[in-house]
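**Student:** Sharing a structure here in structure tokens format.
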Amino acid sequence: MSHRKIAFAASSMPVAQTAMTQLRDMYGDVPPDRADVIVALGGDGFMLKTLHETQSLNLPVYGMNRGTVGFLMNEFHADDLQDRLDEAAEEVINPLTMTAVTADGKTHHALAINEVSLLRAGPQAAKLRITVDGKLRMPELVCDGALVATPAGSTAYNYSAHGPILPIGSDVLALTAMAAFRPRRWRGALLPKNAIVRFDVLEPAKRPVMADADGASVRDVISAEIRSEPSITHRILFDPGHGLEERLIREQFT
């Protein structure tokens, strides 16, 4: 068994903070730039935050659930953490990159591990035009919103919007509408991972739209372009037999 240097990170929830204090006493703690692995304590939202914040370090992140859903997390056990880290399986995922232009002419960039969403920001439905790889695919989608999801994020907001669950490694993105009014009941599309999806907001003054990339929100969006970013990788560790692929399959039978 190797002894890995661990950097602990925890959400602000008391149960996560208590767990971090316990684990630091048992295993020690080093700054992230001196660590071999990062252990994140919280829920899925905190896991995404940790992955984004430590992206430049190229370190594996092992999550333990001290939050709510915990789809990206392992079960919390204080004992045998070094053994669990040695035996963990690594999943490598690529994020999406969003380039959004707002009504004031400014350009905003953000990365999303789960999904990029365009959402109505007023009382009226949004009107979106969808282009894929420079080819117009839908002149007008009237909806509450639309999103592009990665396989890792396909069980999150995408699944709640009745989008498909995507197997890890499928090299596919999900384009899913939320409450589509016209075309009525349009459920979206499956696209190649290297597809470039562009949303143009129609009637933005009357029907304002916001864009969101894993919680990074931009208001008064007039266009947004989304693509996978293969140059950036995130390394997530899972206990044997509980990796993302198994979790995605299990989710479909519950």
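The values are calculated or read from the model by the stated rules, or taken from the named source; none is laboratory data. Model, not experiment: these values are computed from the prediction. As a convention, Cβ positions derive from the backbone with ideal geometry for all residues, glycine included, and neighbour counts pool all protein chains shown.
For (1) farther than 27 Å from Ile232 by Cα; (2) not small (Gly, Ala, Ser), each residue gets a yes or a no:
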residue	(1), (2)
His108	no, yes
Gly122	yes, no
Asp133	no, yes
Glu140	yes, yes
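**Student:** Criterion first (of a type in the set (Gly, Ala, Ser), farther than 27 Å from His108 by Cα, touching a residue at least 60 places away in the same chain (Cβ under 8 Å) and assigned by TED's automatic domain parsing to the domain that holds Ala100) does Gly169 satisfy it?
**Tutor:** Yes.
**Student:** Still on this model: Could you grab the pairs with beta carbons closer than 7 Å, sequence gap of 6+ or different chains, first residue in the range 86-108 and under 24 Å from Leu173 (Cβ atoms) and free of Cβ contacts under 8 Å to residues at least 60 places away in the same chain, second one surrounded by fewer than 19 Cβ atoms within 10 Å (Cβ to Cβ) and not small (Gly, Ala, Ser)?
**Tutor:** Thr107/Thr99
**Student:** Quick one: Asp79 ticks every box in (1) more than 16 Å from the chain's Cα centre (by Cα); (2) crowded, with 21+ Cβ neighbours inside 10 Å; (3) not assigned by TED's automatic domain parsing to the domain that holds Glu203 except a single one, so which number is it?
**Tutor:** All conditions pass for Asp79, except number (2).
**Student:** Can I ask one more? Inside the range 89-109, can you point out the residues that are at pLDDT below 95 and either under 19 Å from Arg219 (Cβ atoms) or of a type in the set (A, V, I, L, M, F, W, C) (or both)?
**Tutor:** Ala89, Val92, Ile93
**Student:** Here is a check on your reading of the model: is Lys206 crowded, with 20+ Cβ neighbours inside 10 Å, over 20 Å from the mean Cα position of the chain (by Cα) and outside the structural domain of Leu244 (by TED's automatic domain parsing)?
**Tutor:** no
**Student:** Run Ile222 past the list (1) more than 22 Å from Ala126 (Cβ to Cβ); (2) surrounded by fewer than 20 Cβ atoms within 10 Å (Cβ to Cβ) and report the number of the one that doesn't hold.
**Tutor:** (1)
Okay, residues lined up against (1) of a type outside the set (Asp, Glu); (2) closer than 20 Å to Met47 by Cβ; (3) modelled with pLDDT of 90 or more:
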site: Val142; (1), (2), (3): yes, no, yes
site: Ser170; (1), (2), (3): yes, no, no
site: Arg184; (1), (2), (3): yes, no, no
site: Asp220; (1), (2), (3): no, no, yes
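**Student:** Consider the range 5-64. How many of its residues are assigned to a strand (DSSP E or B) and at positive phi?
**Tutor:** Residues meeting the conditions: 1.
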